1. Taking the stated definitions as given, is residue 82 on the phi > 0 side of the Ramachandran plot and not hydroxyl-bearing (Ser, Thr, Tyr)?
2. Being of a type in the set (Val, Ile, Thr), in a helix (DSSP H, G or I) and closer than 19 Å to residue 139 by Cβ is the filter here, so list the residues in region 152-201 that pass it.
3. Got a sec? Which of 28, 99 is at pLDDT 95 or above, in a helix (DSSP H, G or I) and either under 26 Å from residue 195 (Cα atoms) or of a type in the set (Phe, Trp, Tyr) (or both)?
4. Hey, does region 104-114 have a residue that's modelled with pLDDT of 90 or more, surrounded by fewer than 17 Cβ atoms within 10 Å (Cβ to Cβ), among the aromatic types (Phe, Trp, Tyr) and farther than 22 Å from residue 193 by Cβ?
5. Among the residues of region 210-222, are any of a type outside the set (D, E, K, R), at negative phi, over 20 Å from the mean Cα position of the chain (by Cα) and crowded, with 17+ Cβ neighbours inside 10 Å?
6. For region 42-55, how many residues are touching a residue at least 60 places away in the same chain (Cβ under 8 Å) and either more than 23 Å from residue 167 (Cβ to Cβ) or basic (Lys, Arg) (or both)?
7. Just to be sure I understand, how many residues within region 111-151 are assigned to a loop (DSSP other than H, G, I, E, B) and under 17 Å from the mean Cα position of the chain (by Cα)?
8. Kindly indicate whether residue 219 is touching a Phe, Trp or Tyr at 6+ places or on another chain (Cβ under 9 Å) and at pLDDT 85 or above.
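The values are calculated or read from the model by the stated rules, or taken from the named source; none is laboratory data. Quantities reported herein were computed from a predicted structural model and do not represent experimental measurements. All Cβ positions, glycine included, derive from the backbone under ideal geometry; neighbour counts span all protein chains shown.
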Amino acid sequence: MSATRPRYQRALEIQDKEKLVQEMFTSIARSYDLNNTLLSLGLHYYWKRIAVELAALKPGDQVIDVGAGTFDLAIRAVPPVQSGGSVVALDLNESMLKIGRAKAKQHGLDYRIRTAVGSAESIPFRDNHFDAVLSGFCMRNVTDLSRAAGEILRVLKSGGRFVCLEFSQPSRPLLRRVYDFYSFLLLPKIGTLISRDATGVYRYLPASIRKFPAQEALSDLLLKTGFRSVSYKNLSGGIVAVHIAAK
């Protein structure tokens, strides 16, 4: 019976989540950047800029963007680490990575960003390897959030920083109601129209935000994983939050 349920509803559950989520993102890869800009009214550029600034990257840092998608965070990470550092863009989805590589080439940064195929729950790098781990709008799509947090902690050097940009809970009730109206009624229609998607991904995305831990709950999870000095910064009234955690 579960197989007859819409794909986006099944993707919210543990069973087959990874496979279904990847199918949905493959479906919208070509229109992903355009929809991000239209549906966020351009705010996603600001959110990503702030996330990279809060990472406090330094020349020579080794950085990985987990769930890199089309490389928005990875591209922004290159200038602060300069020529002595490195940036890895990690994602499971080859369609997204292909677009990310093309975008990096347009910026003249294709030789500065190394790509790797893998998930947040099984990062294909050794322990204590990176000075910073970035993640933008990825963590709510993983199957096991605690496992992903543990993997990120594992690959970070002592004193390394994890910066997680993710949709969260608006801090004011009125804003929350307006945001829910937009997310559950308008966003699916607009996103589906532009992308011509048939997988239900633009119904999955707002539902996945609703299920994701709010600011304090995510902070607690990171602390229980073993991170220290966990803090967060709300952006746009808490529509998104940037969590900063140190190893």
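1. In short, yes.
2. Step one: list which residues in region 152-201 are of a type in the set (Val, Ile, Thr), which gives 152, 155, 163, 178, 190, 192, 194, 199, 201.
From the residues that got through so far, the ones that are in a helix (DSSP H, G or I) too are 152, 155, 178, 190, 192, 194, 201.
Listed by number, the residues that qualify are 152, 155, 201.
3. Numbers: 28 fails: at pLDDT 95 or above.
Unique residue meeting the criteria: 99.
4. Checked region 104-114: at least one residue is modelled with pLDDT of 90 or more, surrounded by fewer than 17 Cβ atoms within 10 Å (Cβ to Cβ), among the aromatic types (Phe, Trp, Tyr) and farther than 22 Å from residue 193 by Cβ.
5. Going through region 210-222, the residues of a type outside the set (D, E, K, R) turn out to be 212-215, 217-219, 221-222.
The next check asks that each one be at negative phi; those that pass are 212-215, 217-219, 221-222.
Now drop any that are not over 20 Å from the mean Cα position of the chain (by Cα), which leaves none.
No, region 210-222 contains no residue that is of a type outside the set (D, E, K, R), at negative phi, over 20 Å from the mean Cα position of the chain (by Cα) and crowded, with 17+ Cβ neighbours inside 10 Å.
6. Result for region 42-55: 1.
7. Looking only at region 111-151, we keep the residues that are assigned to a loop (DSSP other than H, G, I, E, B), and these are 111-112, 118, 120-121, 123-129, 137-138, 142-144.
When the remaining residues are screened for being under 17 Å from the mean Cα position of the chain (by Cα), the result is 118, 120-121, 123, 137-138, 142-144.
Residues in region 111-151 being assigned to a loop (DSSP other than H, G, I, E, B) and under 17 Å from the mean Cα position of the chain (by Cα): 9 in total.
8. Details: touching a Phe, Trp or Tyr at 6+ places or on another chain (Cβ under 9 Å): yes; at pLDDT 85 or above: yes.
Judged against the criteria, residue 219 is a match.
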